[in-house]
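Okay, so here's the structure we're looking at.
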């Protein structure tokens, strides 16, 4: 019931945000628009920062408890192997779908738009950071306290895995620490419930700022690009849901019902990270084992970004089309393989998908300045890819849970019915 109220509140905030942003864009001066966007965006900043505040303790406590409760290191290796198998397969599928759609629809051909590369200077500077050294630096923490303070999820995951394995090896003497961390994780989840009620304000601020800045005309200008991208996202959703149905059967629809609020929050705030705590809570309600959730989901946030993967091939080849650069099929296949690797090293990098696109373009002789063309609508594309990332991570977690021989119970339906009657 609470979940439904939150969902309705977010929908209302979304509608008000679009209307308010549209009014400001078309009825006020440029100076007011800039001031309005800067100030109202703070609502979104407050929500995101509240979420970021609880991500590190939640990831650490749930992942350590999950590994410690597994006990058997063979099980840890098996679960990790299955999760990574899903991640690699889903990533390759996402990249291929983006490649196919952009080749068939050719959204970049026939466009005659002048590009101002000045807006993309920060991204062009940051492309140098996507190296093997960068990947190692963002994976291995030199200080766990630094990793916690900067919310480097991949570094926290690495430390938590080591800590959890050591705690499991400590045996019965370590059970007291495991129980304490288990209690901490449940306290943090209660905090999640409080923080999520600021989500509608975050949605209102983020959406109204974007529409006030760009107006509705941005959709008309880039309609060809957006239509092709949305088609690619829809195809990816169909593939993910079909695979989900093969694994879960009719329980797939129950899963989608549970994660509707996280999906909408990710769509509205363009942040997959913002829904991590809520997603943990909803997957537990769905019936997945907490130890599987706490192990698989944090890994997914570093290695299983399906929407972002699709976008990377789509945007890279789109820029090539705009500049009239022919990309033979063998070159595109090589690009897919490069993206499979470079995309795994973007943890902790702001606007990671765009930076990967810039780096990939440079590598294949495509002018990276072309990123300036898609910057104005990247916010709206980010809405779709963030939501898709959340779906992919939810499906991967429950799939691994099913493969581990645990069938999510059907009691949730009865529980919900009893709750409504009460």
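All of the numbers you see were taken from the coordinates with simple rules; none came from a lab. What you are looking at is a predicted structure, and each value in this text was computed from that prediction instead of being measured. With ideal geometry, Cβ positions are generated from the backbone for all residues, glycine too; neighbour counts draw on all protein chains shown.
Here are some notes:
- Computed packing ranks the peptides 240-252, 385-397 as 385-397, 240-252, most packed first, by mean other Cβ atoms within 10 Å.
- In nm, spacing of pseudo-spin labels at residue 227 and residue 340 (7 Å Cα→C-beta vector): 3.3 nm
- Theoretical FRET efficiency, 1/(1+(r/R0)^6), r = Cβ-Cβ of residue 364 and residue 78, R0 51 Å, to 0.05: 0.85
- Across the stretch 184-310, the mean sequence separation of Cα contacts (distance under 8 Å, 6 or more residues apart), normalised by length, yields a relative contact order of 30 percent.
- Two numbers describe the Cα atoms of the stretch 164-203: Rg and Dmax, which are 15.7, 46 Å.
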